[in-house]
Amino acid sequence: MTATIALLTDFGLRDTYVGMLKAVIAGIAPEARVLDLSHLVPAQDVREGAFDLFVSHGYFPAGTVFCCVVDPGVGSSRRGVALRLRRDGSGPYTFVGPDNGLFTAVLDGAEVEAAASLDDPAYRLPVVSTTFHGRDVFAPAAAHVARGVAVEALGAGVDPATLVRLPWDRPRRIAGGWEADLIHHDQFGNLISNLALTDLQPDLTRWQVEIDGFEIGPIRRAFADVPVGRPLAYLGSSGLLEIAVRDGRASDVLSAHEGSVIVVRERT
């Protein structure tokens, strides 16, 4: 079976960094299928990378190795890690990258089967730069795992409890409903919360939504359910409650930002 390696970075597409990652992988695991998850994570935005992994990893085939490089601490004492885990009944998946909180969301509720630091020189390039661990440490480790090397062989074991985690708030129960946080906005200006479909079932029609005190209305099925220029709340493709403006940008129209509070209450 062909191994899959998925790449997530903040390298952009202008420079040769992504190409070098793929070249290193091809030299070690030429049979691997390499997929680009994204290379447009905002520079050094670890939280954004964590969100991207969270909403996407479950769509990859079991056994996928995620090589993740959003690494503002490259060259410092932060460690590189490899994690093999199962989450929500899916996987196993292996995540390779810096231990800087990038794996916070995928670790939430996960069963960690193995965790190791990337300190065995056999699974790095012979010369390791202080500024490009993606090429010299993470890509080689990911390629070796794709070839069948066990996570445990990559270096000393890591206690999952010691992994760096970002603050990652859960929705909060309030009288008659939920209080949630805006955690992401996409390139269309849609606002994505941390409140999931599973929190709102079985009857989505009973809820009324507001953000920062601004009334949005009931949860809609699709953008076309409101007139052009009107805001709406809906369940997005990631299974999270989102707010949009039809044919507009909710992030601009509503002046919302990460940390804005979304309140969902039962309709009266």
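Here, each number is a calculation from the coordinates, and none is a lab measurement. None of the values given here were measured: they were computed from a predicted structure. Here the Cβ is made from the backbone with ideal geometry for all residues, glycine too, and neighbour counts use every protein chain on show.
Neighbours of residue 32, meaning other residues whose beta-carbon lies under 11 angstrom from its beta-carbon, give a summed charge of +2 when Lys and Arg score +1 and Asp and Glu score -1. What's the exposure ranking of 205, 268, going from fewest to most Cβ atoms within 10 Å? By the 10 Å Cβ count, ascending, the order reads 268, 205.
Once the other residues with Cβ under 11 Å from the Cβ of residue 16 are scored (Lys, Arg +1; Asp, Glu -1), what is the net sum? Display every interim value, and only then the final one.
Numbers: positive: 14, 22, 135; negative: 15.
Counting the neighbours of residue 16, the net charge comes to +2.
For the residues 143, 26, 116, a GNM of the chain with alpha-carbon springs under 10 Å puts the largest fluctuation on 26. The stretch between residue 23 and residue 205, if pulled fully straight at 0.36 nm per residue, gains 60.4 nm over its current Cα-Cα span. Between residue 16 and residue 237, the distance separating the two model label sites (each 7 Å from Cα on the Cα→Cβ line) works out to 3.4 nm. The local environment of residue 176, defined by Cβ-Cβ distances under 12 Å, has a net charge of +2 under the rule Lys, Arg +1 and Asp, Glu -1. Computed over the chain with a Gaussian network model linking Cα atoms closer than 10 Å, the most mobile of 120, 45, 186 is 186. Panel note: the C-alpha atoms of the chain, placed on their principal axes, show extents of 65, 37, 37 Å (largest first).
Take each peptide in 161-174, 54-67, count the other Cβ atoms within 10 Å of every residue, and average; sorted highest first, the result is 54-67, 161-174. Ranked by how many other Cβ atoms sit within 10 Å of their own Cβ, fewest first, the residues 125, 232 fall in the order 125, 232. As an equivalent ellipsoid, region 158-266 spans semi-axes of 25, 17, 13 angstrom, where each value is the square root of five times an eigenvalue of the C-alpha gyration tensor, largest first.
Report, for the chain, the % of DSSP beta bridges that are antiparallel, rounded to 5. List each step's numbers first, then the result.
Details: 42 of 57 bridges.
Percentage antiparallel, nearest 5: 75.
What per residue convex hull volume, in Å³, comes out for region 4-162 when only alpha-carbon positions are used?
Values: hull volume 15.7 nm³, N = 159.
So the per-residue hull volume is 99 Å³.
Full extension of the chain between residue 88 and residue 108 gives 6.2 nm of extra length, using 0.36 nm per residue less the Cα-Cα distance. By the count of neighbouring beta-carbon atoms within 10 Å, fewest first, 84, 246 end up ordered 246, 84.
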